[in-house]
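Scroll down for the structure; my scribbles are underneath it.
We did not get these values from a lab; they are worked out from the coordinates using the rules stated. None of these values were measured; they are calculated from a predicted model. Cβ placement follows ideal geometry from the backbone for every residue including glycine, while neighbour counts extend to all protein chains displayed.
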Amino acid sequence: MVDVPYEATVDVPPAEVPEVELYHPKSWWTQYVFSQDAKVIAIQYSLTATAIGLVALVLSWMMRLQLGFPGTFSFIDASQYLQFITMHGMIMVIYLLTALFLGGFGNYLIPLMVGARDMVFPYVNMLSYWVYLLAVIVLASTFFVPGGPTGAGWTLYPPQAILSGTPGQDWGIILMLSSLILFIIGFTMGGLNYVVTVLQARTRGMTLMRLPLTVWGIFTATIMALLAFPALFVASVMMLFDRLLGTSFFMPALVEMGQQMKYGGGSPILFQHLFWFFGHPEVYIVALPAFGIVSDLISTHARKNIFGYRMMVWAIVAIGALSFIVWAHHMYVSGMHPTFGFFFATTTLIIAIPTAIKVYNWVLTLWRGDIHLTVPMLFALGFIITFVNGGLTGLFLGNVVVDVPLSDTMFVVAHFHMVMGVAPIMVVLGAIYHWYPKVTGRMLDDWMGKFHFWVTFLGAYLIFFPMHYLGLLGVPRRYHEIGEAAFITPSVHTLNAFMSVVALIVGLAQIVFLFNLVWSYFKGRPSGGNPWRATTLEWQTPETPPGHGNWGKELPVVYRWAYDYSVPGAKEDFIPQNQPPARRALQGATP
Amino acid sequence: MIVAIILLLVAVGSVLFHIYSPWWWTPIATNWRYIDDTINITFWITGAVFFAVIAFMAYCVFRFHHKEGRQAHYNPENKKLEWWLSIGTAVGVGAMLAPGLFVWHQFVTVPANAAEIEVMGQQWQWSFRLPGKDGRMGTTDVRHVSAENPMGLNRDDPHGQDDVVIESGEMHLPVGKPVKVLLRSVDVLHDFYVPEFRAKMDMVPGMVTYFWMTPIRTGTFDVLCAELCGAAHAQMRAKVIVEEEAEYQAWLEQQKTFAELSGRSAVTRATYRSGGK
């Protein structure tokens, strides 16, 4: 065990178990389609998530068109608007961000970064993707079923989610719940893989405290997801029963449109507890991988070790643990017993402390660095700004009494888009620019990348920063039009129109990004194995893109932590993790 | 250089936008000025942190961006600095949390002299009920809801007979008197939301929720629904009119009791006039 993570060691323990023979594909189908190679699965996950994410992007355009220019577009009515917001939210949070960070980045980076040949359960890993794909198909099919997708809001609160006053009450909600159940089954298969791989398949010398923060973030997020998703799973099953079998888990006695219903005795608030027991950790399931990845982006491109590595690891773990006891801050005005407010406000604000430590350490890593303003670095800087902004508005909403006027207003929409929409997407994009060379062997075009960054970052900020102030004024969320109200001034409509125009521009800028992805694949500058001169293992593979089994004949051996940048006295400004320390340097380092 | 300037402009622009934004909260109409104060404290603290972090970051980009021959400083950790930053953050968090919890305590402590009123939500309209001369509201049950009895009052409960039932979508309140607003729904979740009141709370079928407030100024206020309740969520509107006591009493005189509305007017009109005797 290495006590001080940044000290290199010469002695590396011997392998505890011999290597297991990998599964080798025998045909084109098992190599590229039903592949058990984590890297192929990662790309399958990423492409599927991106495809459904583009649907969600188009939905956001529809919403912004309606909000910016109400009544102009005859093809958007109140019901469709609700269907758009529901599908947009659900796709973005679960089917895009969760799948991309864990299924995409997790699959690609974990085995490479810990020095393994593949995930430990490759077959289950493959199944995980195909079940995920099925979940996406079921979800997408709701656009074509009678009644369309559900319009219950992404939170799916009963009773309205399964009553006829809500669009998509027939097929829409049933397929949505089924799709969620499938997603969770698929995720669980993948998630067990990631956890066991990190714990059991690390190469010699790769202690836990030498893991890159990317792996720490994905690892912690996966454990959280394995604990949190079951709450959503049971909630989905129970609501399906309520809808299909007439049980009353979440349904009290009620009257619908003048008709007495047969339900009775259930509790709508029970659903909210289950949903948010999943839903709040979910925020961090998306955020922690982003925290980890952005730490590595900043460190690599500032040519400086991440500041306070141990504190960063403990902050990730502390945030992960605390996030399980803050869920009811989503429910301050739900009608739950008001005394809960004291407890949940306190825990929620406490979580700000480890989160703030992470922010300080990111900016302190920049201090006295050698900052290369590459595209990944720009996205990392954009992440810090949007995350700090969104994190600080969380201190408004987490503080129970401040939440009372702001809950269910556009302030909330602005807050969570900034903190778990824009900020993680900044990391996703930065990470794609960073690791694309490893995946394809070619660099993404720099000019297109910079254009993409500035339009996306400034545009997203211009949309969501002013949106807070609409919420402060009192504009409620989930309204397809504000309608007549004395406190709504004409300037509100002007601002809405402005945000909509910017949203269209930001959306269009993503086309440049997609074009860049395709164009660079064929015409991009060849990158070589380690274009960013990074220390972590994935850049030290014998081939780029890494071949089947990642490491050729010999597994790499790790002698040092992941952040040996600009070490005094070293020949270059980075030392790869698998480079043994020189005798002379070592004698100087150990007393 | 340009990058550092843009980053700084984002921070400066955000602060300027905050100062000059024409979009700010509505003039408050209840005693919950403390909530606004807590928001202001939070704005000051978070605004300072936001500006400091972004400005520091912009400075780093300006000062330490890559130049030929620059080497980054090697500095793995600094326990002392990390602890001081943590402690400073904890103090800032405490400075927001303490007033927040203090005001929350007031928010959940209903004064004994608060008059009760009831608001009921259903897709997609609001109904209101006042206790009537006997000062007590009758019991209700969703199973009693019908076209003649939309609020589901219990016909056999003597306390309910003189309850004032308001289906016009226009509620009146006397200024300066604390009121406990009981909230009920017969179908889905709703949320009784008047931006000027600051207080709001979900209405949940199967249970009664509440908040309290004291209206401090007269006026007409829009009621909106703040919890998604189906296709016509955005159209679920009503009005609350806060007025002086005399006007309020004049309005109250004209309202009908449950008994009157449900056709037992002959008997109960007398009950109402005599105050329940």
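General remarks:
- Angle in degrees between helix B:33-64 and the longest Cα principal axis of chain B, rounded to the nearest 10: 20 degrees
- Under 18 Å between alpha carbons - lysine pairs in chain B that sit 8 or more apart or on different chains: 8
- Environment charge of A:Arg477, counting only residues whose C-beta is closer than 15 Å and scoring Lys/Arg +1, Asp/Glu -1: -3
- Cross-link partners for A:Lys26 among the lysines, with Cα-Cα distance under 30 Å and sequence neighbours closer than 8 places in the same chain left out: A:Lys39, A:Lys438, A:Lys553.
- Length-normalised contact order of the range A:451-591 in % [C-alpha pairs under 8 Å, at least 6 apart]: 18 percent
- Charge tally in the Cβ shell below 10 Å around A:Asp573, where Lys, Arg are +1 and Asp, Glu are -1, A:Asp573 excluded: +2
- Debye log10 I(q)/I(0) at q = 0.06, 0.07 Å⁻¹ for chain A, Cα point scatterers: -0.31, -0.42
- In nm, spacing of pseudo-spin labels at A:Glu554 and B:Val91 (7 Å Cα→C-beta vector): 5.5 nm
- Sorting the segments A:73-79, A:419-425, A:106-112 by their residues' average number of neighbouring beta-carbon atoms within 10 angstrom, most packed first, yields A:106-112, A:419-425, A:73-79.
- In this structure the amide hydrogen of A:Phe574, modeled in the peptide plane, comes within under 5 Å of the amide hydrogens of A:Ser566, none closer than 5 places in sequence on its chain.
- Cα-based helix-to-principal-axis angle, A:213-244 vs chain A, degrees rounded to 10: 30 degrees
- D_trans [Stokes-Einstein, Kirkwood Rh over alpha-carbon pairs] for chain B, 10 °C, 1.306 mPa s, µm² s⁻¹: 70 µm²/s
- Using the Karplus relation 6.51 cos²θ - 1.76 cosθ + 1.60 with θ = phi - 60°, the per-residue 3J(HN,Hα) values for the range B:88-100 come to x, 5, 4, 5, x, 4, x, 5, 8, 5, 4, x, x Hz, with x marking Gly and Pro.
- Among residues other than B:Val223 with Cβ under 9 Å from its Cβ, the summed charge is +1 (Lys and Arg +1, Asp and Glu -1).
- Helical content of the protein assembly as shown, expressed as a calculated mean residue ellipticity at 222 nm, amounts to -17500 deg cm²/dmol (DSSP H runs of 4 or more residues, -39,500 (n - 2.57) each, divided by residue number, nearest 500).
- Using R0 = 41 Å, the C-beta based FRET efficiency linking B:Glu247 and A:Phe75 works out to 0.30.
- The range A:449-518-the range A:213-260 distance, computed between alpha-carbon centres (Å): 31 Å
- Phi-derived couplings, Karplus 6.51 cos²θ - 1.76 cosθ + 1.60 at θ = phi - 60°, listed residue by residue for the range A:102-117: 8, x, x, 5, x, 5, 6, 8, 4, x, 5, 6, 8, x, 9, 7 Hz, with x used for Gly and Pro.
- Over all distinct Cα-Cα pairs of the range A:528-591, the Kirkwood formula returns a hydrodynamic radius of 12.9 Å.
- Each residue of the range B:254-260 was assigned a 3J(HN,Hα) from its phi angle through the Karplus expression (A = 6.51, B = -1.76, C = 1.60, θ = phi - 60°), giving 7, 7, 9, 8, 4, 4, 4 Hz with x at Gly and Pro.
- Under a 5 Å amide H cut-off, with hydrogens placed 1.01 Å from N, B:Ser185 pairs with B:Gly121, B:Val204, B:Gly206, B:Met207 among residues at least 5 apart or on other chains.
- Residue among B:Val208, B:Val103, B:Val93 with the largest mean-square fluctuation in a Gaussian network model of chain B, springs linking Cα atoms under 10 Å: B:Val93
- B:His172 long-range amide H proximity, modeled H, under 5 Å: B:Ile241
- The aspartates and glutamates within cross-link reach of A:Lys358, meaning a Cα-to-Cα straight distance under 16 Å and a gap of 8 or more places when in the same chain, are A:Asp296, B:Glu77, B:Glu82.
- Peptide A:453-460 has a mean shielding of 1, counted as Cβ atoms of other protein chains within 10 Å of each residue's Cβ.
- Look at the alpha carbon pairs under 8 Å that are at least 6 residues apart: their mean separation over the length of chain A gives a relative contact order of 17 percent.
- Rounded to 10°, Cα long-axis angle of helix A:490-523 versus longest principal axis of chain A: 40 degrees
- The charge dipole of the protein assembly as shown, taken about the Cα centre with unit charges on the Cβ atoms of Lys, Arg (+1) and Asp, Glu (-1), comes to about 1900 debye, rounded to the nearest 20.
- Between B:Lys180 and A:Ser491, the simple label model (points 7 Å from Cα in the Cβ direction) yields a spacing of 4.1 nm.
- In a reduced charge model with +1 at each Lys and Arg Cβ and -1 at each Asp and Glu Cβ, the range A:373-522 shows a dipole moment near 380 debye about its Cα centre.
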